[in-house]
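A short worksheet on the structure shown next.
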Amino acid sequence: MPSPGDPSYDRQQRAARAKQAASDASGERLAELREKYLAPTKPTRRSSTGSTPASSRASAVSTTRRPPAAPKVNPIDTAGIARTASAALDKHPGTWTSYAELCSAMGMTRSSADRIARQHIFESTGTHWFRIRSDDGAYEPPTTDEAGADGNEPVLLSRDEADAQLTGIGIAVVDGRPDPARKLGWNGSAWTLPGSD
């Protein structure tokens, strides 16, 4: 139970006061507030006298339903992600990073990492394709239905090949997971290795 002075206690107190004020308000006051703060989605007809009783205005506002909002589509800037990955991995040889870290660096939520992993962004990351992995280090080939630039099916690189490439640049891979001490992370302002400041 929060105690006085605690921010959550203060929030609870404000919510309780607001609930009490709403229950004490008259129907006329509630109608006035609804009219002021809840704009109707379609214009309401006014009577020929030019004024509408408060009770009918309140019922018109409360029964009018807004259509559900269409979900927002946030396109992923795959070119920007590829540029960010290339720049970070060029600057820090002998490291690997994850889709989640790239999301953080791009100002996206880390939960977008799965969407990025499913896209074929590796062509523009050049020689770094095997250094971009899931958050725990597993390499998962991207899935795509698009044909490559030459019109042929895209080449999906295998986990074994990705792990061999990582071992080739000096990063130990055990059970398909690279050395976590070599994972390049985004700290909010710069790329760093674990334990460095």
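Each reported figure results from applying straightforward, stated rules to the coordinates on display, with no laboratory input. What you see is a predicted model; the values in this text were computed from it and never measured. Methodologically, a virtual Cβ is constructed for each residue, glycine included, from the backbone with ideal geometry; neighbour enumeration extends over all protein chains shown.
For the listed peptides 128-136, 161-169, a ranking on the average number of other beta carbons within 10 Å per residue, highest first, reads 128-136, 161-169.
The simple spin-label model puts a point 7 Å past each Cα toward its Cβ; for Arg110 and Ile169 those points are separated by 2.2 nm.
Stretched out straight at 0.36 nm per residue, the stretch from Ala190 to Arg83 would grow longer than its current Cα-Cα span by 37.0 nm.
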